[in-house]
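Reading through the structure tokens given below for one structure.
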Amino acid sequence: MNNKEAAIDTIRNAEVVVLSTINTEGYPESRALLNLANPKQYPSLASVVGSTLESAGDGEAITLYLGTNTSSSKVAQVRADGRASLYHCVPGSFHGVWISGDMEVVTDQAEKDRYWVDGWEMYYPKGKTDDDFCLLKIKAKRMRLYRNLSVAELRGDGSPNDGSPNDGSQ
């Protein structure tokens, strides 16, 4: 398994994802969210997320989506400063993937429809058309894979980060 495949495997097997945004005082603020890329937890999204993950490469960044409340502080923070990071980890195996990139708030109904999960009415009483339901979308610029007691620096498309000026590390 190469590093990109290992990173995708870790993303898929993490039960939650930790999102860090920049708060109004300029400090990181982290919180755990549902990992929509986990096919065991969200089988209805497996084909949607799987095709997004598999299509990354050759300069095409890994792109991930999270569902959240439009009224949340994280959405306000992303709108003010889109720099964000995600951390997926599989406890017990010491496998993890850190992703940094630019995040945006997505309110497009077609996208909301694609990522809607039956049962979320408990969070969004009006369903997928609820104005308080939105998506957060991040395109990876850099990734770091922690696996088997080693660390690999990767570009946003999962390819090795060789330190060249175009590797996304600036």
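The values are calculated or read from the model by the stated rules, or taken from the named source; none is laboratory data. Computed from a predicted model, the values in this text were never measured in an experiment. Virtual Cβ from ideal backbone geometry, glycine too; neighbours counted across all protein chains shown. Keep in mind that these areas ignore ligands, DNA and RNA; they rest on the heavy atoms of the full protein, side chains included. Shrake-Rupley method; radii C 1.70, N 1.55, O 1.52, S 1.80 Å.
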* What accessible area per residue comes out for the chain, rounded to a whole number of Å², with a 1.4 Å probe? -> 52 Å²
* Asked: Which percent of Cα-Cα pairs in the chain sits in each 10 Å bin, short to long?
  -> 10, 39, 37, 13, 1
* Residue-wise HN-Hα coupling along region 26-43, computed from phi with Karplus coefficients 6.51, -1.76, 1.60 (Hz; x: Gly, Pro) -> x, 9, x, 10, 10, 7, 8, 10, 5, 8, 5, 7, 7, x, 6, 7, 10, x
* Asked: Counting pairs of alpha carbon atoms under 8 Å apart in space and at least six apart in sequence, what relative contact order in percent does the chain give?
  -> 25 percent
* To do: Counting helices only, and only those DSSP H runs with n ≥ 4, report the 222 nm mean residue ellipticity of the chain as the sum of -39,500 (n - 2.57) divided by its residues, in deg cm²/dmol to the nearest 500.
  => -6000 deg cm²/dmol
* **All-pairs Cα distance distribution in region 67-156, expressed in whole percent, bin size 10 Å** => 16, 35, 31, 16, 1
* How much of the accessible area of region 1-160, probe 1.4 Å, is carbon plus sulfur, in whole percent? -> 51 percent
* **Accessible heavy-atom area order of 21, 52, highest first, probe of 1.4 Å** => 52, 21
* **Over region 1-60 - Rg/Rh using Cα atoms and the Kirkwood inverse-distance radius** => 1.07
* Asked: Given the options 54, 104, 25, which has the most mean-square fluctuation in a GNM of the chain, springs set between C-alpha atoms less than 10 angstrom apart?
  -> 25
* Number of Lys pairs (Cα under 27 Å; 8 or more positions apart or on different chains) in region 1-145 -> 25
* To do: Scan region 58-156 for trypsin sites (Lys or Arg not before Pro) in coil per DSSP, keeping those whose Cβ has at most 14 other Cβ atoms within 10 Å, and list them by number.
  => 126
